[in-house]
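**Q** Below is the structure I would like to discuss, written out as structure tokens.
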Amino acid sequence: MSDSVEMSESVEMYLLRVAMLRKGTRPVPLSLLAHELAISPVSANEMCHRLMGEGWLTYEPYKGVTLTTQGETIAQRILRRRR
């Protein structure tokens, strides 16, 4: 996705929340992500798979999600813009 394309607020929230919940290099469990976003685990799973398709997240079954290098760059840009 290019920088000129607007990103939905829900996508921004997912990327930011993954960035804030991670502990070192360990994946963020989908159940924790869903709880923090006040959504169902199924909804979190669906969105995370969409974000994987964009190349922003990686998913490890039974462990959770981590930001890719591209996802990290986007999350940091969103965080700076919101400050």
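The values are calculated or read from the model by the stated rules, or taken from the named source; none is laboratory data. Note that the structure is predicted; figures quoted are calculated from it, not measured. Cβ placement follows ideal geometry from the backbone for every residue including glycine, while neighbour counts extend to all protein chains displayed. Just the protein is used for accessible areas: all its heavy atoms, side chains included, with ligands, DNA and RNA removed. Shrake-Rupley method; radii C 1.70, N 1.55, O 1.52, S 1.80 Å.
**Q** Whole number please: convex hull volume per residue, Cα atoms of the chain, in Å³. Walk me through the numbers before you get to the answer.
**A** Working: hull volume 7.6 nm³, N = 83.
Looking at the chain, the number lands at 92 Å³ per residue.
**Q** Using a 1.4 Å probe over the heavy atoms of the protein chains, calculate the carbon and sulfur portion of the accessible area of the range 13-83 as a whole percent. Walk me through the numbers before you get to the answer.
**A** Values: 2390 of 4390 Å².
Carbon and sulfur atoms account for 54 percent of the accessible area of the range 13-83.
**Q** Let me ask you something else. Relative to the Cα centre, what is the charge dipole magnitude of the chain, using +1 at the beta carbon of each Lys and Arg, -1 at the beta carbon of each Asp and Glu, and rounding to the nearest 20 debye? Walk me through the intermediate numbers first.
**A** On the way: 11 positive and 9 negative charges, 85 e Å.
So the dipole magnitude of the chain works out to roughly 400 debye.
**Q** When ligands, DNA and RNA are left out and all protein chains stay put, how many square angstrom of accessible area per residue does the chain have with a 1.4 Å probe? It would help to have the intermediate numbers written out before the result.
**A** Values: 5280 Å² over 83 residues.
For the chain, the solvent-accessible area averages 64 Å² per residue.
**Q** Further question on the same structure: Which listed residue (Met7, Thr66, Ala44) has the Cα farthest towards the positive end of the charge dipole for the chain, taking +1 on Lys and Arg C-beta and -1 on Asp and Glu C-beta about the Cα centre?
**A** Thr66
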